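Visitor: First, the structure itself, so that you have it in front of you.
Nothing in this text is a laboratory measurement; each read-out follows from the coordinates by a stated rule. Since this is a predicted model, take the numbers as computed values, not measurements. Because the Cβ atoms are built from the backbone with ideal geometry, glycine has one as well, and the counts that use them run over all protein chains shown.
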């Protein structure tokens with residue numbers, strides 16, 4: 001446990017997500033984008049120019065408070081810089097408070113805004129490069145193989161050199177490690193043990209220029225982040241769950257067996273060609289005793305409905321601009 005120190009309070013601000021929802025009611029510890037206007041003392045009328053945009057992708061700002069200190073991590077940066085920066089402006093994000101950036105895996109909808117995010121944070125911090133944690137498997141070209149055999153290329157992950165020129169200190173590693181004075185733990189590669197969580201069907205990659213496309217369903221570069229919230233337990237951030245959310249939670253529990261699992265947030269990737277595993281996933285999620293689940297991004301409406309009907313804890317779906325205080 002010396003790799004992860006309990007924090008007194010955890011704040012989560014959703015900067016980019018597939019949906020916007022400021023009308024649904026929330027538990028007391030969750031506020032919507034619009035409700036935050038009033039807590040910030042905003043009195044002028046709200047207009048569309050002032051609000052966040054939903055976009056296919058994910059970016060989450062995570063702040064851990066311990067005693068009189070705080071540590072802030074940016075987990076992913078959404079699909080492109082314009083959306084990321086617009087939403088951060090609407091939410092009045094303090095870029096200077098960000099201590100580190102973690103990219104969950106090598107897909108454009110999580111990495112497309114990364115260079116702009118690094119640049120904005122580095123300029124506001126005004127001291128030292130921004131630690132940016134990546135996996136070496138993120139940089140190979142990727143594509144989706146279509147039923148007719150053709151491939152649709154996916155946008156690239158920013159090159160480490162571009163990130164360094166924007167102000168990052170790039171840390172490329174497969175190893176798990178604590179970050180932010182041990183407030184956060186970034187996993188290594190996630191063991192795949194469930195029989196039904198078999199990755200992303202149809203994904204392929206090139207491991208060298210001009211080579212053939214090779215199957216790449218496992219996305220072994222995917223990592224998750226976890227935080228130990230005092231008197232609650234482990235809260236897990238799984239951006240896309242290509243490894244399977246059950247595999248993710250199993251690994252988190254096995255790595256920190258003395259700490260109960262408390263909650264999880266992120267994309268569960270139970271939409272499209274993975275919808276068939278919704279029943280098994282919902283059933284197995286019930287075995288972890290989670291108190292809170294915040295599905296978003298690539299989870300899909302069918303899985304969200306199934307979770308609403310079958311999850312015993314509190315289900316509070318993610319949406320852009322939502323703030324969770326745990």
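Visitor: Could you give the length gained on full extension between residue 145 and residue 29, defined as 0.36 nm per residue of separation minus the Cα-Cα distance, in nm?
Guide: Fully extending the segment from residue 145 to residue 29 adds 37.5 nm.
Visitor: Using the count of nearby Cβ atoms within 10 Å as a rough guide to exposure, how do 73, 265 rank from fewest to most?
Guide: 73, 265
Visitor: Here's something else I'd like to know. Using a Debye calculation, one point per C-alpha and no hydration shell, please list log10 I(q)/I(0) for segment 1-129 at q = 0.11, 0.12 Å⁻¹ in order.
Guide: -0.41, -0.49
Visitor: Follow-up. In Å, the Kirkwood hydrodynamic radius of segment 125-196 over pairs of distinct alpha carbons?
Guide: Working: mean 1/r = 0.0661 Å⁻¹.
This gives a value of 15.1 Å.
Visitor: If you build the Cα gyration tensor of segment 147-235 and take the root of 5 times each eigenvalue, what three semi-axes come out, in whole angstrom, biggest first?
Guide: 30, 22, 10
Visitor: For segment 235-293, what D do you get in µm² per second when you plug the Kirkwood radius from alpha-carbon pairs into Stokes-Einstein at 4 °C and 1.567 mPa s? Before the final figure, lay out each step's value.
Guide: On the way: Rh = 11.7 Å.
For the chosen part, D equals 111 µm²/s.
Visitor: Would you compute, from DSSP H runs of 4+ residues alone, the mean residue ellipticity of the chain at 222 nm, taking -39500 (n - 2.57) per run and dividing by the full residue count, rounded to the nearest 500?
Guide: Working: 8 runs with 69 residues, N = 326.
Using -39500 (n - 2.57) per qualifying helix, the result is -6000 deg cm²/dmol.
Visitor: Can you work out D for segment 9-325 in µm² s⁻¹ from Stokes-Einstein, where Rh is the Kirkwood radius over C-alpha pairs, the temperature is 25 °C and the viscosity is 0.890 mPa s?
Guide: Value of D from the Cα-based Kirkwood radius: 124 µm²/s.
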